There are 2 protein chains.
Amino acid sequence: MNSISTAKLLGAIEAGGTKFICVIANEAGEILMRRTIPTEQPQKTLSACDDFFVEAKLRCGSISALGIGSFGPIELNPNANDYGYIKQTPKPGWSGTNLVGFFSQKLGVPVAFDTDVNAAALGEHTHGVTQGCDNFVYVTVGTGIGAGVISGGLLVQGLGHLEFGHILIPRHAHDVNAVSNCPFHENCLEGLASGASLNLRAPSGVSELSLDHPIWIAEIYYLALMCANLTQIYAPEKIVLGGGVMLKQGLLPKIHAEFLRLVNGYAHERILEKVESYIVPSALDGVAGVVGALALARSVS
Amino acid sequence: MNSISTAKLLGAIEAGGTKFICVIANEAGEILMRRTIPTEQPQKTLSACDDFFVEAKLRCGSISALGIGSFGPIELNPNANDYGYIKQTPKPGWSGTNLVGFFSQKLGVPVAFDTDVNAAALGEHTHGVTQGCDNFVYVTVGTGIGAGVISGGLLVQGLGHLEFGHILIPRHAHDVNAVSNCPFHENCLEGLASGASLNLRAPSGVSELSLDHPIWIAEIYYLALMCANLTQIYAPEKIVLGGGVMLKQGLLPKIHAEFLRLVNGYAHERILEKVESYIVPSALDGVAGVVGALALARSVS
């Protein structure tokens with residue numbers, strides 16, 4: 001029995017706005033082959049993904065299922081006509097791309113589909129710092145801001161996927177004139193605090209700026225406020241922060257301090273006593289998406 | 001079989017900050033006896049509740065379980081030493097009251113326990129406007145503001161219960177100098193938009209003021225912003241608004257219009273096309289809590 005179950009192979013794609021990462025792995029999650037493909041026009045990128053899986057089949061054997069964690073917005077309702085499609089997106093050429101249809105047809109296996117950030121939350125849940133924790137939030141602070149929420153062991157979903165980056169928030173007092181990076185909202189989290197909005201303020205980059213610089217002071221406030229609101233909204237046991245912005249050295253302790261100032265004592269004692277084990281960095285940064293897409297594949301294999 | 005199952009009786013308590021409502025009902029949910037008891041000192045109020053259940057037993061028979069939906073904060077973790085207690089509360093005398101322990105001991109039946117607003121969300125789910133809808137948010141806008149969230153058919157809970165009223169929000173431009181009613185936060189939803197905060201601004205009451213009055217203009221903005229954030233946070237299929245503030249005539253259509261302005265097209269097409277079936281009034285106003293507490297009782301009977 002054991003040799004049969006470990007011989008089963010799974011495929012996964014982390015479909016991002018800049019690159020697609022394709023892997024195949026055994027059921028234990030060990031990655032056997034991996035390829036990074038730039039996100040160009042859909043036809044070119046998807047064909048290159050298909051080539052990868054054809055090669056992988058020749059070298060390692062057939063996969064029994066595929067998991068895809070995709071950039072959005074995407075249609076997740078299995079009853080919708082456009083289930084598995086990328087919806088209206090600013091990414092040129094990609095609106096209306098049928099990801100699930102393409103790979104179902106090419107590979108002939110069940111395809112599980114979710115957002116990149118939900119896949120990353122699943123990856124954290126199965127292999128990351130929140131293993132065994134059934135109530136947590138994973139937030140990526142990268143080009144955009146998105147949250148994947150596990151509640152009672154399951155992903156929170158409803159009418160479409162969460163769009164946590166678009167909650168409306170107060171501006172920092174030093175930041176009242178900054179331009180929002182969001183085309184829809186003057187005052188949403190993503191518009192004011194994403195990596196793209198930081199780049200808008202400092203086109204030469206913010207990574208070299210000190211954390212005392214006004215841009216970072218405002219950013220620390222926004223990310224701490226985000227954690228304070230997540231705390232009241234979901235009552236999570238942990239908040240896991242990932243994404244490129246979080247790579248800034250020394251940022252997390254500043255967020256901890258500002259978070260405590262903002263919640264002002266109004267949070268569970270366990271959080272107040274040990275904030276550094278409550279708001280934590282991703283232990284899977286860079287691979288959470290692939291690990292989660294494999295977990296998606298496993299769920300339909 | 002039928003006569004046995006309808007003969008089973010359930011008890012329920014909606015434990016509010018101003019009154020406790022005690023009922024017993026048959027399994028079909030028909031209320032057989034009901035009593036409203038003012039919230040005074042715990043010993044007095046709880047004894048009066050106990051008297052009710054003693055009388056009810058004599059007149060109707062034994063209950064097989066009790067459900068309690070309580071004002072908070074309360075301890076919901078069954079593994080905590082103070083499970084079933086009311087925690088530190090501004091309500092004089094009530095901090096540290098062991099509700100579950102008192103009624104378990106007095107009545108000798110299983111007791112299910114949750115927040116008043118979670119009980120109300122359950123009531124809406126079983127008997128209200130969201131029957132059969134497995135992803136929705138119930139918000140009470142009363143003395144305070146609280147939300148009960150059903151996701152995938154289950155209540156969202158984590159490290160304690162949700163404290164949605166304490167999310168930090170931007171102030172309305174006409175409202176920058178208003179005093180927050182929250183002792184913890186200068187800029188939280190409950191501090192700026194609850195019934196208590198309205199009363200702070202207009203001690204003679206706001207119900208007679210026109211909706212064009214600056215107090216109501218700010219209130220409409222806050223409640224619309226609350227709905228906009230709930231939309232991005234939970235992706236619910238419906239938002240149900242209850243509580244005393246929502247009784248103001250003409251308020252809901254103003255919230256609809258302001259909501260559409262704030263989300264600015266960034267929401268599911270079904271919401272944008274028919275906002276009046278998305279943000280809806282409670283159909284169970286005044287009884288959702290009791291109906292939900294009966295559903296809680298049913299879950300342990």
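The values are calculated or read from the model by the stated rules, or taken from the named source; none is laboratory data. Being a predicted model, the structure only gives us computed values, none of them experimental. Positions of Cβ are backbone-derived with ideal geometry, glycine not excepted, and every protein chain shown enters the neighbour counts.
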Determine if region A:115-129 includes at least one residue that is part of a loop (DSSP other than H, G, I, E, B) and not basic (Lys, Arg). yes
Given the structure, is B:ASP116 of a type in the set (Asp, Glu), modelled with pLDDT under 95 and surrounded by fewer than 24 Cβ atoms within 10 Å (Cβ to Cβ)? no
Filtering region B:280-294 for residues that are of a type outside the set (S, T, N, Q), crowded, with 22+ Cβ neighbours inside 10 Å and under 18 Å from B:ASN135 (Cβ atoms) leaves a count of 2
Hits in region A:85-118 - residues which are in contact with a Ser or Thr (Cβ under 8 Å, 6 or more places away or on another chain) and among the small types (Gly, Ala, Ser): A:SER95, A:ALA112
Could you check region B:202-301 for helices (runs of 4 or more DSSP H) lying wholly inside it with 3 or more residues that are free of Cβ contacts under 8 Å to residues at least 40 places away in the same chain and within 14 Å of chain A (Cβ to nearest Cβ)? B:214-234, B:251-263, B:269-273
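Sort through B:HIS172, B:HIS185, B:HIS127 and tell me the only one that's facing chain A (nearest Cβ under 9 Å), crowded, with 18+ Cβ neighbours inside 10 Å and of a type outside the set (A, V, I, L, M, F, W, C). Show your work before the answer.
Numbers: B:HIS172 fails: facing chain A (nearest Cβ under 9 Å); B:HIS127 fails: facing chain A (nearest Cβ under 9 Å).
Matching residue, one of B:HIS172, B:HIS185, B:HIS127: B:HIS185.
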Tally of residues being among the small types (Gly, Ala, Ser) and within 15 Å of B:HIS125 (Cα to Cα) across region B:270-284: 2
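Any residue at all in region B:179-192 that is farther than 20 Å from A:TYR266 by Cα, modelled with pLDDT under 95 and of a type outside the set (Gly, Ala, Ser)?
Start the filter on region B:179-192 by keeping residues that are farther than 20 Å from A:TYR266 by Cα, which leaves none.
No, that holds for no residue.
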For A:GLY160, work out the one condition from (1) touching a Leu at 6+ places or on another chain (Cβ under 7 Å); (2) closer than 14 Å to A:GLY292 by Cβ; (3) surrounded by fewer than 24 Cβ atoms within 10 Å (Cβ to Cβ) it doesn't fulfil. (2)
B:VAL149: part of a helix (DSSP H, G or I), within 14 Å of chain A (Cβ to nearest Cβ), in contact (Cβ under 8 Å) with a residue 24 or more places away in the chain and surrounded by 24 or more Cβ atoms within 10 Å (Cβ to Cβ), yes or no? no
Select from region B:189-238 the residues that are small (Gly, Ala, Ser) and under 19 Å from A:GLY158 (Cβ atoms) and write down the one among them that is surrounded by the fewest Cβ atoms within 10 Å (Cβ to Cβ). B:ALA235
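Of all residues in region B:29-53, how many are farther than 15 Å from B:THR97 by Cβ, in contact with a Cys (Cβ under 9 Å, 6 or more places away or on another chain) and either among the basic types (Lys, Arg) or assigned to a strand (DSSP E or B) (or both)?
Taking region B:29-53 as the starting set, the residues that turn out to be farther than 15 Å from B:THR97 by Cβ are B:29-36, B:38, B:51-53.
Within this subset, residues satisfying the condition of being in contact with a Cys (Cβ under 9 Å, 6 or more places away or on another chain) are B:32-36, B:52-53.
After this cut, where a residue has to be either among the basic types (Lys, Arg) or assigned to a strand (DSSP E or B) (or both) as well, the list is B:32-36.
Final tally of qualifying residues: 5.
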A:GLY72 vs (1) buried (at least 21 other Cβ atoms within 10 Å of the Cβ); (2) at pLDDT 95 or above: all pass except (2)
Subset of region A:54-91 that is in a loop (DSSP other than H, G, I, E, B) and of a type in the set (A, V, I, L, M, F, W, C) - its residue that is farthest from A:PRO183 (Cα to Cα): A:ALA80
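Here are B:GLU163, B:GLU190: which of them is of a type in the set (Asp, Glu) and more than 8 Å from chain A (Cβ to nearest Cβ)?
Working: B:GLU163 fails: more than 8 Å from chain A (Cβ to nearest Cβ).
After ruling out the rest, the residue left standing is B:GLU190.
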Just the residues that are crowded, with 17+ Cβ neighbours inside 10 Å and part of a loop (DSSP other than H, G, I, E, B), please, taken from region B:16-28. B:GLY16, B:GLY17, B:GLU27
